[in-house]
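The values are calculated or read from the model by the stated rules, or taken from the named source; none is laboratory data. Computed from a predicted model, the values in this text were never measured in an experiment. Every residue, glycine as well, gets a Cβ built from its backbone with ideal geometry; the counts of neighbours run over all protein chains shown. The accessibility values were calculated without ligands, DNA or RNA, using every heavy atom of the protein model including side chains. Shrake-Rupley method; radii C 1.70, N 1.55, O 1.52, S 1.80 Å.
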Amino acid sequence: MKDADAIRTMSEILKRYSRENLMVVVSAMGKTPNALEVLVAADPGSPQTWAGHFDSIKKTHQDVVEQLDIQVELDHIFNDLYAATLSDLPFAQRYATIVSFGEILSTRIVSGFLQRQGMDVTWMDARDLILTDDDFMEGKVYWEKTGKRIRKAFKDISPGIGITQGFIAANEHGTPTVLGREGSDFTAAIFATSLKAESVTVWKDVAGIMNGDPKKFAHTRKYEELPY
């Protein structure tokens, strides 16, 4: 989810399917994951060394809200992010807690914009739905419990559109975990499996899912179809 224009494009895409029950999985905006990783690595005892990065993340999202001309309350999210950045949690837990804010911020903005467009959307916290073990940086999904949570949540909003976050989850104590970098596609597959969805559609800024990184391997090809 690169910027305000990308959110507008997303809205136009979703309008084509507004009569269907959808679960929409949204990633963080632009370079936010990289910026949040800088906060993870920062010394909690020296906020002056990372304050500029924090302010930049905040400004980026506030600018998008202004460009979309919507009212979305983000201050409490940034307050929580600031507190997390000051924490002395073990590195892996600190990582998962801090980087999860990227998707929380983007989905709040997306939900606000889609509601402004008159769409029937419900914001859903993936940390309440996807249950993993205690591997904070590469959480392993507890499929049965996750499926039950997702089916109940989706039933509660049906008919309608659920907006949730890619990449993030939580353990049985409610502590944030993540599914590994670039985990949003995996999140979509988790929801599709749990809901026995008809299909998963992945919207990217590239031609499609390929069998290798074309920057690293010659003769890569695009998959026309994959089972989720």
Query raised in the report: Listed residues D185, D213, D205; which is out of contact with any Leu (no Cβ under 7 Å at 6 or more places or on another chain), surrounded by 13 or more Cβ atoms within 10 Å (Cβ to Cβ) and over 21 Å from Q93 (Cβ atoms)?
Result: D185
**Report entry** Matching residues in the range 1-58 - criterion: being of a type in the set (V, I, T) and open to solvent by 30 Å² or more (accessible area, probe 1.4 Å)
**Finding:** T9, V25, V38, T49
**Report entry** Test for A92: is it farther than 28 Å from R151 by Cα, at pLDDT 90 or above and crowded, with 18+ Cβ neighbours inside 10 Å
**Finding:** no
Query raised in the report: When you look at V72, is it more than 20 Å from M137 (Cβ to Cβ), in contact (Cβ under 8 Å) with a residue 40 or more places away in the chain and part of a helix (DSSP H, G or I), yes or no?
Result: no
Query - Long-range neighbours under 7 Å by Cβ, at least six apart or interchain, first residue in contact (Cβ under 8 Å) with a residue 24 or more places away in the chain within the range 12-31, second aromatic (F, W, Y) - result: I13/W203; M23/F154; M23/F191; V25/F191; S27/F167
**Report entry** Within the range 173-212, considering residues that are in a loop (DSSP other than H, G, I, E, B) and small (G, A, S), the one nearest to the chain's Cα centre (by Cα)
**Finding:** G183
Report summary line: Flagged pairs (Cβ under 6 angstrom, 6 or more apart or on separate chains; first in the range 208-221, within 19 Å of D185 (Cβ to Cβ); second open to solvent by 70 Å² or more (accessible area, probe 1.4 Å) and of a type in the set (D, E, K, R)) are G208/K222; M210/K222; N211/R221
**Report entry** Residue list for the range 14-26, filter: in a helix (DSSP H, G or I) and over 18 Å from the mean Cα position of the chain (by Cα)
**Finding:** K15
Report task. Have a look at I150, I163 and point out the one that is part of a strand (DSSP E or B), closer than 25 Å to M1 by Cα and under 19 Å from the mean Cα position of the chain (by Cα). Result -> I163
**Report entry** Residues of the range 109-142 satisfying the condition of being assigned to a helix (DSSP H, G or I) and without any contact (Cβ under 8 Å) to a residue 12 or more places away in the chain
**Finding:** Q115
Query raised in the report: Which of the residues that make up the range 107-125 are touching a Phe, Trp or Tyr at 6+ places or on another chain (Cβ under 8 Å) and open to solvent by less than 20 Å² (accessible area, probe 1.4 Å)?
Result: T107, S111
